[in-house]
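*Asks:* Just dropping this structure here.
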Amino acid sequence: KIIITGALGQIGSELTAKLRDVYGAHNVIATDIRMPKDHPTVQAGPFELLDVTDAKAMYEIAKKHQVDTFMHLAALLSATAEAKPLLAWNLNMGGLVNALEVSRELGCQFFTPSSIGAFGPSTPKDQTPQDTIQRPTTMYGVNKVAGELLCDYYYHKFGVDTRGVRFPGLISYVTPPGGGTTDYAVEIYYKAILDGTYTSYIAKGTYMDMMYMPDALQAIIKLMEADPSRLKHRNAFNVTAMSIEPEDVARAIQKHIPSFTLQYDVDPVRQAIAESWPNSIDPTAAKEEWGFEAEYDLDKMTADMLTQLKGKLLQKIS
Ligand code: VAH
């Protein structure tokens, strides 16, 4: 039995659907801080209201459903965290320690994602190594580094089987992300279909790692099912599919929508966050220790995003 927090979020909503496909809907308990009756995640299987800062409620729900796997996705992303740093600390770290404590008490295998946001300006920016300096300058990055160390601690101190990856920016068409820095690379596809043009808040030439959501979900399952004896690292594997800048996405879109145009209105806050992160990270450890591989490159992702979004968005308009 698997419990997922943040099950209505960008990763959580698709991870819930995928795990219900793979392991059976009744084996996947979705939780989030709200419970919209008409939401597919609420309708397609067990769902519980849960505020991850409420340790007692979290334990009771996990105990009631006798979960043996804990997937902790509830968190505030980088831009939101930068706007509300204390809320971010309380939710991101409070929620994580509660989830680790429940996993320790119930003997659950544990997953939570870190991020390329766990690196800072003093980290080598190109092909960032798996093990390197991590002095992030954002509250989100502080949360992610502390989270990586806390997950290591629960493994070494209490034997909790904690695992995780450092995700790059994730691109998806199911649930629009909220409050990230990499979300320009999601919005651009929506706007390409709806308006034929997009104004990016991230500057031309700003490289960041990205990955298509299907590859992210596959990576989570592959890591969780990996033979633990092969894992030299536990919970912060660098994973990525591509290192791109806004012009790269525009060119890929123009192969399908030749008239698409991209212009810029840079947001200094999110631009500063983006510039503190790597240009590209090195996923060798994930490939060697549990066979990570990405199926989607920029062109393959763009073709699928536009096809899926045309169906989703133009249906609404028509
Ligand atoms: C964010 N999408 O932008 C998240 C992610 C690497 C980026 O952590 O905050």
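*Asks:* Using 7 Å Cα-to-Cβ label points, what is the L86/K310 separation (nm, one decimal)?
*Replies:* Calculated label separation equals 5.0 nm.
*Asks:* Where does helix 94-106 land angle-wise versus the long Cα axis of the chain, in degrees 0 to 90, nearest 10?
*Replies:* 40 degrees
*Asks:* Could you work out the per residue convex hull volume over the alpha carbons of the chain, in cubic angstrom?
*Replies:* Considering the Cα atoms of the chain, their hull volume per residue is 124 Å³.
*Asks:* Taking the alpha-carbon centroid of each part, what is the distance from region 172-231 to region 86-140 in angstrom?
*Replies:* 18 Å
*Asks:* Still on this model: Kindly provide the helix-only [θ] at 222 nm of the chain, computed as the sum of -39,500 (n - 2.57) over DSSP H runs of four or more divided by all residues, to the nearest 500 deg cm²/dmol?
*Replies:* Dividing the helical sum by the residues of the chain leaves -13000 deg cm²/dmol.
*Asks:* I would also like to ask the following. Students often get this wrong: which residues of region 1-31 have the backbone nitrogen under 17 Å from the point 7 angstrom along Cα-to-C-beta of E60?
*Replies:* Of the residues in region 1-31, 31 have backbone N under 17 Å from the label point off E60.
*Asks:* While we're on this one: Just how large is the dipole of region 105-253 about the Cα centre, in debye to the nearest 20, putting +1 at every Lys and Arg Cβ and -1 at every Asp and Glu Cβ?
*Replies:* Values: 13 positive and 16 negative charges, 59 e Å.
Using Cβ point charges on Lys, Arg, Asp and Glu, region 105-253 gives about 280 debye.
*Asks:* Hey, could you grab the Kirkwood Rh for region 102-207? Inverse mean 1/r over distinct alpha carbon pairs, Å, one decimal.
*Replies:* Its Kirkwood hydrodynamic radius stands at 16.1 Å.
*Asks:* Just subtract the alpha-carbon distance of Y23 and E187 from 0.36 nm times their residue separation and send over the number in nm, one decimal.
*Replies:* So the extension gain works out to 55.9 nm.
*Asks:* Could I ask something else about it? Please state the charge dipole magnitude for region 216-268, taken about the Cα centre, from unit charges on C-beta atoms (+1 on K and R, -1 on D and E), reported in debye and rounded to the nearest 20.
*Replies:* Result for region 216-268 is approximately 400 debye, rounded to the nearest 20.
*Asks:* Just P228, P258, P136 to compare: in a GNM of the chain, with alpha carbon springs under 10 Å, which one fluctuates most?
*Replies:* Top of the fluctuation ranking is P258.
*Asks:* Taking neighbour counts of Cβ atoms within 10 Å as a proxy for exposure, in what order, fewest first, do M35, M210 appear?
*Replies:* M35, M210
*Asks:* Separation of region 234-304 and region 31-83 by C-alpha centroid, Å?
*Replies:* Comparing the Cα centres of region 234-304 and region 31-83, I get a distance of 28 Å.
*Asks:* Once amide H atoms are built 1.01 Å from N in the peptide plane, which residues 5 or more positions from R166, or in another chain, come under 5 Å H to H?
*Replies:* Answer set, sorted by chain and number: S114, F237, N238, V239.
*Asks:* Now for a different question. When ranked by the protection proxy of mean other Cβ atoms within 10 Å per residue, highest first, what sequence do the peptides 92-103, 159-170 form?
*Replies:* Highest mean packing first, the order is 159-170, 92-103.
*Asks:* Separation between the I257 and L149 pseudo-spin-labels, each 7 Å from Cα along Cα→Cβ, expressed in nm?
*Replies:* Label-label distance for I257 and L149, simple model: 4.4 nm.
*Asks:* A follow-up question, please. What angle do you read, to the nearest 10 degrees and between 0 and 90, between the alpha-carbon axis of helix 298-317 and the longest principal axis of the chain?
*Replies:* Approximately 90 degrees, to the nearest ten.
A short reminder: the numbers here are calculations on the coordinates, not readings from a lab. Everything numeric here is computed off the predicted structure, so don't read it as measured data. All Cβ positions, even for glycine, are placed from backbone atoms using ideal geometry, and neighbour counts span all protein chains on display.
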